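Everything on this sheet refers to the single structure shown next.
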Amino acid sequence: MKNTESVFREAEFNLWAQRAKLELGELYMISHYLDPQKSTLEAGAGGGRILLAMQAMGFSQLNGFDFLPEFIEVARQRDQQGKINYQVQDGRNLNYPSNSFEQLIYLQQLVSLISEKTDRQKMVTEAFRVLKPGGLIIVNVLCMRSRQGLYSLLLFWLKCLRIILNKNLSIQNQPWLRLKGKPNFKALLDLGPYIYWFTENEAVELFKSAGFVIEALGSDAQIKNKGLFTALSVPQNEPFTGSLYLVCRKPY
C-alpha cells in the first residue's frame, strides 16, 4: 500500500483528482447492474468522479472512501450538493459496520493497484463484510489476456531482465508504463511502481474465496458487443480488450 500511496500522492494526484465523466465500461456496469434507490459505497473514490456522475444520474444514498485525505478533500469540494458521504479509510480495514451497503463499486482497476497478494485478499474480504446479504459488487481489474501484440515483447523483456537480475517477482506485477500522463521509461528497467495484472481464473477465485458468487464477467469487448457472460470465463474465441469486469453477489 505504501507503493500505491506514493504513486498517487506524488505522481498521479492532479490527473486523478480532476478527472471527469464516466468511461464506457463504467457507465455500462452502473446503468445495467446498480439500483439508484439502493445505498452505494465506492472504494477508491479519488476526486469523486464516479459518484458525482451517479448523482447526476439520479442515484442517492451515495458513499465513498479513499485512503488519501487529499483526494477526499477534493471530492468534498466538487460535491456542490453536499449529499455524498466521503470518508478517509483504508480498504483493507474499513470502519463501516458489517452489512452496511446494498451495492459496492470497486472500479478504476482498484484491486489491481494493490501489488501485494495479502492486501488484495484483505480488501476483498472487507468488501464482502460491509455488503449486505443479497447485495451486489461491480469490479474491474487489469487482465493479462489483454496484454497482446507489442505488450508480449515487453513481457518477454521483463522476464529476461528478471532472470538476469535474479529478481523474484511475478510477471503479473508490471511497472506502470505511464506516470504524470507521460511515458515512464524507467519501466524498461523494471523499476517500480508496480501494478498487478490478473488472469481471469485468478480474479474469479479471489472473489469466490471471500464468499462472493460470480454472476457475470467479460471485457470491454463484450460490453461494446452483446454484454457480459454469465459463465465464469470468456471463451477463447471471443475478442478480449481492456479491463476484466466482474459482477458478484453476497449470498443471503
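Values in this text are rule-based calculations from the coordinates and carry no lab data. This structure is a prediction, so every number in the text was calculated from the model and none was measured. For neighbour counting, all protein chains shown are included, and Cβ atoms are generated from backbone atoms with ideal geometry for every residue, glycine included.
Rounded to the nearest 10 degrees, the angle from helix 24-33 to the longest Cα principal axis of the chain is 40 degrees. Measuring r between the beta carbons of Ala231 and Met57 and using R0 = 35 Å, the FRET efficiency lands at 0.75.
In order along the stretch 85-98, phi translates into HN-Hα couplings of 8, 9, 9, 8, 8, 9, x, 7, 8, 6, 8, 5, x, 4 Hz, rounded to whole numbers, per the Karplus curve 6.51 cos²θ - 1.76 cosθ + 1.60 with θ = phi - 60° and x for Gly and Pro.
Can you check what the net charge comes to around Gln172, using other residues whose Cβ is under 15 Å from the Cβ of Gln172 (Lys, Arg +1; Asp, Glu -1)? Net charge in that neighbourhood comes out at +1.
Site pair Thr241 and Lys21 shows an inter-label distance of 1.8 nm when each label is modelled 7 Å from Cα along Cα→Cβ. What does the charge count around Leu161 come to, taking other residues whose C-beta lies under 13 Å from its C-beta (Lys +1, Arg +1, Asp -1, Glu -1)? Net local charge, Leu161 excluded: +3.
Residues Trp176, Trp157, ranked from the fewest to the most other C-beta atoms within 10 Å, line up as Trp157, Trp176.
Among residues other than Asn140 with Cβ under 12 Å from its Cβ, the summed charge is -3 (Lys and Arg +1, Asp and Glu -1). Amide hydrogen proximity for Gly64: with H placed 1.01 Å from N in the peptide plane, the residues at 5 or more positions away or on another chain lying under 5 Å are Glu42, Asn85, Tyr86, Gln87.
Please compute the length gained on full extension between Ser100 and Arg129, using 0.36 nm multiplied by the number of residues separating them and subtracting their Cα-Cα distance.
Computed gain between Ser100 and Arg129 is 9.6 nm.
In terms of other Cβ atoms within 10 Å, Thr125, Thr40 run from fewest to most in the order Thr125, Thr40. Projecting the Cα atoms of Phe156, Thr241, Tyr252 onto the dipole axis of the stretch 156-252, where Lys and Arg carry +1 and Asp and Glu carry -1 at the beta carbon, places Phe156 farthest toward the positive end. Note: the chain, Cα convex hull, 124 Å³ per residue.
Taking Cα centre as origin and charging only the Cβ of basic (Lys, Arg, +1) and acidic (Asp, Glu, -1) residues, the dipole magnitude of the stretch 42-88 rounds to 160 debye.
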